Amino acid sequence: MVLPIVAYGDPVLRKVGKEIEKDFPKLDELIENMWETMYNASGVGLAAPQIGLPLRLFIVDATPFAEDDDLTDAEQKTLEGFKKVFINAKIKEETGKDWAFNEGCLSIPDVREDVSRKDTITITYCDGDFKEHTETYDGVLARIIQHEYDHIEGILFTDKLSSLKKRLLKGRLANISKGKIKVEYRMRFPNMKKAR
Ligand SMILES: [Zn+2]
């Protein structure tokens, strides 16, 4: 089932996600709905707060980036078919140099900005079967995971922009929260005026 994606301005996007217990009711169904919702919106990642649930859960499918001609063959190969569920993730370490990458977010349609983050991360998480993993990623893969991980910490990519950029974006972000935008997928807007 395609769920509505929560838009910028909703308080749920500002909550630190709660850990998920192994016996969380209907977790498989929730994850299945998140995949459907993400693909329907042509996203490469989706975090539970974006569908209104303040939980430490996000999904990533980096496959669309495998066709990015700006990347090397080796990078394209690692991105191809990278599809994972991250439950109760914790970034243990971020290393390497800062680099800028143009980010967007399904909760903030039509806004894309260069964001600077460190190159390499080490993360522990449980997969969909609650098997624990510790893995190290770099480049675009690390970038997608850092963006989604921020969601479960209540952080949005626009928080990381310069104060000038933030000021310039203020009106557009306010319009998004009011639903004054054109978007191809289902959304829920926190400040939309109810029609009477
Ligand atoms: Zn996002």
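The values are calculated or read from the model by the stated rules, or taken from the named source; none is laboratory data. What you see is a predicted model, and the numbers here were worked out from it, not measured in a lab. Every residue, glycine as well, gets a Cβ built from its backbone with ideal geometry; the counts of neighbours run over all protein chains shown. Side chains are part of the model used for accessible areas, which takes the heavy atoms of the whole protein and leaves out ligands, DNA and RNA. Shrake-Rupley method; radii C 1.70, N 1.55, O 1.52, S 1.80 Å.
Tell me, yes or no, whether the range 26-35 has at least one residue that is in a loop (DSSP other than H, G, I, E, B), on the phi > 0 side of the Ramachandran plot and open to solvent by 20 Å² or more (accessible area, probe 1.4 Å). If you could, list the steps in order and put the result at the bottom.
Residues of the range 26-35 in a loop (DSSP other than H, G, I, E, B): 26.
With the extra rule that they be on the phi > 0 side of the Ramachandran plot, the set shrinks to 26.
Going one step further and asking which of them are open to solvent by 20 Å² or more (accessible area, probe 1.4 Å), we end up with 26.
Yes.
L168 passes all but one of (1) under 22 Å from G96 (Cα atoms); (2) assigned to a helix (DSSP H, G or I); which number fails?
(1)
Would you confirm whether any residue within the range 2-13 is within 16 Å of the ligand (Cβ to nearest atom), under 24 Å from G179 (Cα atoms), open to solvent by 30 Å² or more (accessible area, probe 1.4 Å) and among the β-branched types (V, I, T)?
no
So in the range 98-136, with the set limited to residues that are charged (D, E, K, R) and closer than 27 Å to N33 by Cβ, which one is nearest to the ligand (Cβ to nearest atom)?
Looking only at the range 98-136, we keep the residues that are charged (D, E, K, R), and these are 98, 103, 110, 112-114, 117-119, 127, 129, 131-132, 135.
In the following step, the residues that additionally are closer than 27 Å to N33 by Cβ were identified as 103, 110, 112, 127, 129, 131-132, 135.
Numbers: E103: 8, D110: 13, R112: 12, D127: 21, D129: 25, K131: 26, E132: 25, E135: 21 Å.
Checking each candidate, the answer is E103.
Checking K193 against (1) modelled with pLDDT of 95 or more; (2) in a loop (DSSP other than H, G, I, E, B); (3) open to solvent by 50 Å² or more (accessible area, probe 1.4 Å), only one condition comes out false. Which one?
(1)
When you scan the range 41-151 for strands (runs of 3 or more DSSP E) that lie fully inside it, which ones turn up with 2 or more residues that are open to solvent by 40 Å² or more (accessible area, probe 1.4 Å)? Before you say what the answer is, go through the steps one by one.
Working: elements: 45-47, 57-61, 83-105, 108-126, 132-138.
Output list reads 83-105, 108-126, 132-138.
Does the range 77-97 include one or more residues that are within 15 Å of the ligand (Cβ to nearest atom) and on the phi < 0 side of the Ramachandran plot?
Going residue by residue through the range 77-97, those that are within 15 Å of the ligand (Cβ to nearest atom) are 86, 89.
Okay, now just the ones that are also on the phi < 0 side of the Ramachandran plot, so 86, 89.
Looking through the range 77-97, at least one residue is within 15 Å of the ligand (Cβ to nearest atom) and on the phi < 0 side of the Ramachandran plot.
Starting from the range 90-105, keep only residues that are under 18 Å from L156 (Cα atoms) and of a type in the set (K, R), then list their pairs with residues that are more than 16 Å from the ligand (Cβ to nearest atom) and modelled with pLDDT of 95 or more whose Cβ atoms are within a distance under 7 Å, requiring at least 6 positions of separation or different chains.
Close Cβ pairs satisfying both conditions: K90/I123; K90/T124.
Kindly list, by first and then second residue, each pair from a residue in the range 137-166 that is farther than 12 Å from V44 by Cα and away from the ligand (no atom under 16 Å from the Cβ) to a residue that is open to solvent by less than 60 Å² (accessible area, probe 1.4 Å) and part of a helix (DSSP H, G or I), limited to pairs with Cβ atoms under 7 Å and residues at least 6 apart or on different chains.
If the second residue must be open to solvent by less than 60 Å² (accessible area, probe 1.4 Å) and part of a helix (DSSP H, G or I), the pairs left are Y137/I145; K166/T158.
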